[in-house]
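Coordinate-derived values only; no laboratory data. What you see is a predicted model, and the numbers here were worked out from it, not measured in a lab. A quick note on method: Cβ atoms are made from the backbone with ideal geometry, for glycine too, and the neighbour counts reach across all protein chains shown.
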């Protein structure tokens, strides 16, 4: 009986870990597009990443309800990374690193990680250090922006930001082709 109770508690712990991982995931396409549109691509040694604070209000002006107050993290592993077996292995390794180090980010931020193919052969400890370094960097940048009074949510490409009138910028026009001058036209042969 004692063994059965121990198995039940282990199952409960495993289920709670799954729910924590589910809460950490960035899932919706619109959220991915918002992060891509409102941030610039950042680079580290083994991956590139995007991050953006979650806005408090949606595009309709209503207060957003979020399931999590902390970070949400998404992975993008394209077909260029190899066959499905390789891509899935990359995602499994990255998810485990994310699970271990997500606590380093305390702000309500959405992060998208783009690992490189080298992640397949990289030692797991080194991959963990890399993910931890990226998360620390994101937390530091958010803290600096908050201390300076800069809101990293509002960017020029953010579709949730109210449109600002643009300055009148003269548009470049293509030079028009000139009609050939009479001197350069070939003489036509006319009977005299």
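Data overview
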{"item": "Fewest-first ranking of 73, 142, 118, using other Cβ atoms within 10 Å as the exposure measure", "result": "118, 142, 73"}
{"item": "Estimated inter-spin distance, residue 143 and residue 104, nm [label 7 Å along Cα→Cβ]", "result": "1.3"}
{"item": "Among 106-112, 80-86, 30-36, the order from most to least packed when residues are scored by Cβ within 10 Å on average", "result": "106-112, 30-36, 80-86"}
{"item": "Linear extension gain, residue 117 paired with residue 29, 0.36 nm per residue minus alpha-carbon span", "result": "29.3 nm"}
{"item": "Label point distance in nm, residue 42-residue 96, each placed 7 Å from Cα along Cα→Cβ", "result": "2.5"}
{"item": "Gain on full stretching of the segment that runs from residue 86 to residue 21 - 0.36 nm per residue minus C-alpha separation", "result": "21.3 nm"}
